[in-house]
1. Which residue, A:Leu85, A:Ala139, B:Ser194, has the largest displacement toward the positive end of the dipole of the protein assembly as shown when charges sit on each Cβ (Lys, Arg +1; Asp, Glu -1)?
2. Of B:Leu336, B:Trp313, B:Val350, which is farthest on the positive side of the dipole of the stretch B:312-353, counting Cα position, with +1 on Lys and Arg Cβ, -1 on Asp and Glu Cβ, and the Cα centre as origin?
3. Classify the protein assembly as shown as rounded, prolate or oblate from the Cα gyration tensor: take a ≥ b ≥ c as the square roots of its eigenvalues, call it rounded if a/c is under 1.5, otherwise prolate when a/b beats b/c and oblate if not.
4. Calculate how many DSSP beta bridges within chain B are antiparallel, expressed in % of all such bridges and rounded to the nearest 5.
5. How big is the Rg/Rh ratio for chain A, C-alpha atoms only, Rh by Kirkwood, two decimals?
6. What does the average come to when, for each residue of peptide B:77-83, you count the partner chain Cβ atoms lying within 10 Å of its Cβ?
7. About the Cα centre of chain B, how large is the charge dipole given +1 on each Lys and Arg Cβ and -1 on each Asp and Glu Cβ? Please answer in debye to the nearest 20.
8. Not counting ligands, DNA or RNA, and with a 1.4 Å probe, what is A:Asp105's accessible surface area in Å² rounded to the nearest 10?
There are 2 protein chains.
Amino acid sequence: MAAHSPFPSPWQADVLDDPVALTRAMVDIESVSGDEKEITDAVELALRSAPHLAVDRVGNVVRANTNLGRAQRVILAGHLDTVPLHDNFPSTLDGDLLYGCGTSDMKSGSALALHLAVSLPEPVFDVTYLFYDCEEIDAEHNGLNKISQSHPDWLAADFAILLEPTYGLVEAGCQGSMRVVVRIEGRRAHAARSWHGVNAIHGAAEVLRRLAGYESRRVVIDGCEFREALNAVYIRGGVAGNVVPDLCEIDVNHRFAPDRTAVEAEAYLRDFFEGYHVEVVEAVGGALPGLSATPAQDFITAVGTAPLAKLGWTDVARFASLGIPALNFGPGDPNLAHTKNEHVEVTKIVEGAEVLRRWLAG
Amino acid sequence: MAAHSPFPSPWQADVLDDPVALTRAMVDIESVSGDEKEITDAVELALRSAPHLAVDRVGNVVRANTNLGRAQRVILAGHLDTVPLHDNFPSTLDGDLLYGCGTSDMKSGSALALHLAVSLPEPVFDVTYLFYDCEEIDAEHNGLNKISQSHPDWLAADFAILLEPTYGLVEAGCQGSMRVVVRIEGRRAHAARSWHGVNAIHGAAEVLRRLAGYESRRVVIDGCEFREALNAVYIRGGVAGNVVPDLCEIDVNHRFAPDRTAVEAEAYLRDFFEGYHVEVVEAVGGALPGLSATPAQDFITAVGTAPLAKLGWTDVARFASLGIPALNFGPGDPNLAHTKNEHVEVTKIVEGAEVLRRWLAG
């Protein structure tokens, strides 16, 4: 379908027709958050090569619509950025396993959307294919977040699927996410007479002891079990090599089940860190599973397995906040996301493409 | 004595004649380690204004000698740098207390040396006045350390006094100092599924617990009690805001009594941090009190109080390693060194000048 387009795609038709080859081609374009121009250019050109799509772009966010006058519109969405490389670029193929940064989270998912966009000219629903940047960093940079404010009409739909890694399962809802800074204060002194000071880094022992002893709360909603998490993600402190430090700061990431609001999660953390100074840096609520909507039920039937809880915060919460039922479905293994050993099973990519095609082709 | 010199001092004769005014003038020249050129220029010009002194300079190290043919030569030495400012610059005077960065450690001491150098043309011993840079940072930059290797003849003497803060007491010997890095390793994972990883920052809890529970060993040598210290001075860890970190590093500073060698102190630390990876970054041995030498006994008599142990590592260990008996004596309060509240008692500066003059004038 790309042969006669005035916008030649950087990828040949045989790559766009093969979701595995397309995943690998997308992984091999480096796109750590903030550096997505090259991959967005490639995706845009591939979409423009398909004459049945209406394509728009704002910054590094690209939308491609079918406009067939169908009764319902669905969204297939994926981000194009990755976490920093970790000796895992470019991709390598070992039997059924494709290794590399972004293979699981989530270029295999975004490749499915791009593959279907260019290869399925007449889906049974109208479809909005959406690709965006900066999902792996602070929410203020998130392309979907920005477009939901500047171009909310781009997100008008009856149902949305976010192609985040779920290992081919339907993962419903998502947990909320909160970042706080815990501050431990002390008093400076010369390190040779430290008993005249109070060592703030030593004072962090109790905060870290509580974190190390943390036990996840587990909540079942709509048959989906959500498991919370609480982790120090950064620690810093120190003045000079011969000075007892007067400040130690710990950045803590909290994932909370969608039965709690961000306000309730904050109250929990203030209680957990009682006796210490806690500042909330970022907070986003989760999304309840919301499985009762008809399009969701149709899709679950197409997949054929029972839905599970989504533990990571994902942009389904942004769709949920706009009143659009949304769920996560992608070929990657979420347990491998952000790891050095990140990979995706080729079989899962092929099966994911088949499920989506079965559903969209009717 | 500066009136007719071809090298006009930046400080008037009335300032050089008054050790309190001179302390304040030296404090008000900012000289954080690595930035000592301006104060060294001023000290050099002041020394060159005194015709009875032979002055040499290498980098930011200045030496001024009397050459009177006396039977014995003594050294008065002080560093010109300070730790980083901490809202305590420039100086302020409040009654008997002079506040500011370097007032105690150790511009009041170095001011005594400069005051005596220019105002006492015929001491009973020949005197080497020595001023140097970069004492508050890594030993490789230390001006006295460098000059002891490039110009060891500058340090030829029978006895040395280092004018580090001792609150007007004689502090003998010094403790050794060692810096190690303790590494805690983990395994990365996505922060929403942290149970698949091992959080290295949480793993630091046990290391910090041991540090918080540390109890000083105390040793009495030649009647002087040495009290050891063990402190985290830096901590760092973290990969990204949504990643369970796989590495946490703690820089630890250890001060050990001079009855232990650096090798013995290292063995102690490896035992203390058993189960963790420990790397020694820097190690310098201490100095035994060495109070039996005749010039030391003479000086102790001039001061009139019993000597105590020096807890901080000081450059007396460099003199000791060259076979030169050395002790610490200065007007500053060592407990105030490196603190925001650093200050010196004007009375102690005046008394210190009187003690040194009584001893050197005979």
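1. Ranked along the dipole, the leading option is B:Ser194.
2. After comparing all options, I get B:Trp313.
3. Prolate shape, in that a/c is at least 1.5 and a/b is the bigger ratio.
4. Here the antiparallel bridges make up roughly 75 percent for chain B.
5. Reported Rg/Rh (Cα atoms, Kirkwood Rh): 1.04.
6. The per-residue average across the peptide is 1.
7. Roughly 720 debye for chain B.
8. 10 Å²
The values are calculated or read from the model by the stated rules, or taken from the named source; none is laboratory data. The structure presented is a predicted model; accordingly, all values stated were derived computationally and were not measured. For neighbour counting, all protein chains shown are included, and Cβ atoms are generated from backbone atoms with ideal geometry for every residue, glycine included. Note: areas computed on protein heavy atoms with side chains; ligands, DNA, RNA excluded. Shrake-Rupley method; radii C 1.70, N 1.55, O 1.52, S 1.80 Å.
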